[in-house]
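A.B. asks: Got a structure here, written out as structure tokens. Questions coming.
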Amino acid sequence: MARVAVITAPNIGYRNTGMLTVDLAFEAMRRRTGDGVEASWYTLHLPQTVPLRGLREGVRGAELPFRFRSLIDEVDTLREHDAVVFWGDFLHARHYLDQDASNRLLDYGLVKDRDAARSLLGRTLLLADQPDELLDRTLSYGGTILHNTQSDYEDKEYGPSFTRLMTRSHRVWVRDPLSAAKLGHLRGDRTTDHFGSDAALLNRPGDLDCLPVTPWSQDLPDGGAIGVFLGARTRIPAWLPGFCQGLAERLGAPLEWIPWFDGEAPCQVGHLPVRPGSPTVGDLLGVLPRYRLVITDTYHLCVNAWGAGTPVVCVGAPAPVPTTDRDYLTLSDVKKHVLHMAYDAADFYLPTADDSPEGHERRAERIVRLVEGGGAAAVAERIREHADHSADSFTRTLASLLG
């Protein structure tokens, strides 16, 4: 039995539905390889981390495959594995280490200052203290270095450790083409295909059947509905509710709120109806293929809906210039725009800066035409084909590495 250490981003309480689908995708890939791979799961902060309240209600009763170990406490046990896999997210990006990850270490009282946080993150996420032979059997899939810049590489602590990890790792796939171009420069390799998909796209029909469902997801109106989740990532402009209602009328499908994040109340987009009941994560994912359309400002809802074959109107704002260490670039709308541009889906990207009624009318007409005429299906198929190709590349490489 080959042993693989899987390192993922922390998902406290499993409250982030999208990140849960990322982690579940590795388990789906592991199952497809047969019974010869055993996974050990590592993350910086365990899902049940105190002082936050316990696990999300929507995952209770689910047979999740994760038994997470603390990467902080057990980083040296990575050497006991036949391969190490970094799986998804911004784990190696300079801004993630300096912003999100450092702030959480400080907030939880795990380090005394930012220097200590950076040192700890260098050891755990950049494997700065690990031998070359461990990096030689390390893979990274579905991450992104979208916001990295030359000044990041010139940082004397981050630059050498990051470059060593990226160049010594056996193989690296990133989730967007801009990160892939950067990786090609770093590795001096312009022939290898570094552009992988977002890890959540590697889930296939049936892979998530381990998640329990309730009657919440079983009944949709005749002709389907339009799932809406807005306001979690992007400020809602005054014209957006009317735009959403207009799409609903054109498509003959009512709007309804989809509670993608745990505890999020519906935003006021035409006083959206809220389906009664308490949906599980399985409900939220199971309903996506049955929606006519999804309208959201949240990256991984976009990813999962497109992956389910459902077109998405993705709402995004111009990228802000960060001014403090709490202006997280991981939440920048750039990643959503790049995702849609990578798959010729920019017709479905709705910028909040565009407040022209004439422009909205043209955009709505184009979206409806693509949804009803097959253009949206072509985008979804393009995304699916790339994910399948990328999944095959990853599994073949992992199998080869494990011998």
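The values are calculated or read from the model by the stated rules, or taken from the named source; none is laboratory data. None of the values given here were measured: they were computed from a predicted structure. Ideal geometry is used to build each Cβ from the backbone, glycine not excepted, and the neighbour counts take in all protein chains shown. Only protein heavy atoms, including side chains, enter the accessible area calculation; ligands, DNA and RNA are left aside. Shrake-Rupley method; radii C 1.70, N 1.55, O 1.52, S 1.80 Å.
Every residue, every condition in (1) of a type in the set (A, V, I, L, M, F, W, C); (2) at pLDDT 90 or above; (3) exposed (fewer than 12 other Cβ atoms within 10 Å of the Cβ); (4) in a loop (DSSP other than H, G, I, E, B), yes or no:
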site	(1), (2), (3), (4)
ASP325	no, no, no, yes
THR330	no, no, no, no
LYS336	no, yes, no, no
MET341	yes, yes, no, no
ASP347	no, yes, no, no
LEU350	yes, yes, no, no
ALA353	yes, no, yes, yes
GLU358	no, no, yes, no
GLU361	no, yes, no, no
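A.B. asks: Kindly list, by first and then second residue, each pair from a residue in the stretch 68-82 that is assigned to a loop (DSSP other than H, G, I, E, B) to a residue that is surrounded by 13 or more Cβ atoms within 10 Å (Cβ to Cβ) and hydrophobic (A, V, I, L, M, F, W, C), limited to pairs with Cβ atoms under 8 Å and residues at least 6 apart or on different chains.
C.D. replies: Correct list of pairs: PHE68/TRP41; PHE68/LEU46; HIS81/VAL4; HIS81/ALA5; ASP82/ALA2; ASP82/VAL4; ASP82/LEU401; ASP82/LEU402.
A.B. asks: Here is a further query. Would you mind telling me which numbered condition in (1) crowded, with 18+ Cβ neighbours inside 10 Å; (2) in a loop (DSSP other than H, G, I, E, B) ARG235 fails?
C.D. replies: Going through the list (1) crowded, with 18+ Cβ neighbours inside 10 Å; (2) in a loop (DSSP other than H, G, I, E, B), ARG235 breaks only (1).
A.B. asks: Continuing with the same structure: Do we have LEU110 as outside any helix (DSSP H, G or I), under 30 Å from ARG60 (Cα atoms) and outside the structural domain of GLY88 (by the TED database) here?
C.D. replies: In short, no.
A.B. asks: Kindly indicate which of GLY231, GLY184, GLY188 is in the same structural domain as VAL84 (by the TED database), at positive phi and out of contact with any strand residue (DSSP E or B) (no Cβ under 7 Å at 6 or more places or on another chain).
C.D. replies: That would be GLY188, the only listed residue that is in the same structural domain as VAL84 (by the TED database), at positive phi and out of contact with any strand residue (DSSP E or B) (no Cβ under 7 Å at 6 or more places or on another chain).
A.B. asks: Between residues in the stretch 3-15 that are in contact (Cβ under 8 Å) with a residue 60 or more places away in the chain and hydroxyl-bearing (Ser, Thr, Tyr) and residues that are part of a helix (DSSP H, G or I) and surrounded by fewer than 23 Cβ atoms within 10 Å (Cβ to Cβ), which pairs lie under 7 Å by C-beta distance while being six or more apart or on different chains?
C.D. replies: Within 7 Å, the pairs are TYR14/VAL59.
A.B. asks: Taking GLY109 as the residue in question, decide whether it is within 28 Å of GLY282 (Cα to Cα), surrounded by fewer than 20 Cβ atoms within 10 Å (Cβ to Cβ), without any contact (Cβ under 8 Å) to a residue 12 or more places away in the chain and out of contact with any helix residue (DSSP H, G or I) (no Cβ under 6 Å at 6 or more places or on another chain).
C.D. replies: Criteria not met by GLY109.
A.B. asks: Which is of a type in the set (Ser, Thr, Tyr), over 30 Å from SER356 (Cα atoms) and open to solvent by 40 Å² or more (accessible area, probe 1.4 Å), of SER161, SER197, SER151?
C.D. replies: SER151
A.B. asks: Quick one: LEU91 ticks every box in (1) touching a Gly at 6+ places or on another chain (Cβ under 8 Å); (2) modelled with pLDDT of 95 or more; (3) farther than 22 Å from HIS147 by Cα bar one, so which box is it?
C.D. replies: Looking at each condition in turn, LEU91 falls short on (3).
A.B. asks: Could you go through the stretch 22-30 and let me know if any residue there is among the β-branched types (Val, Ile, Thr), modelled with pLDDT under 95 and in the same structural domain as GLY122 (by the TED database).
C.D. replies: no
A.B. asks: Tell me, please, whether a residue that is at pLDDT below 85 and within 25 Å of ARG175 (Cβ to Cβ) can be found in the stretch 257-265.
C.D. replies: Filtering the stretch 257-265 down to residues at pLDDT below 85 leaves 262-265.
From the residues that got through so far, the ones that are within 25 Å of ARG175 (Cβ to Cβ) too are 262, 264.
Checking the stretch 257-265: at least one residue is at pLDDT below 85 and within 25 Å of ARG175 (Cβ to Cβ).
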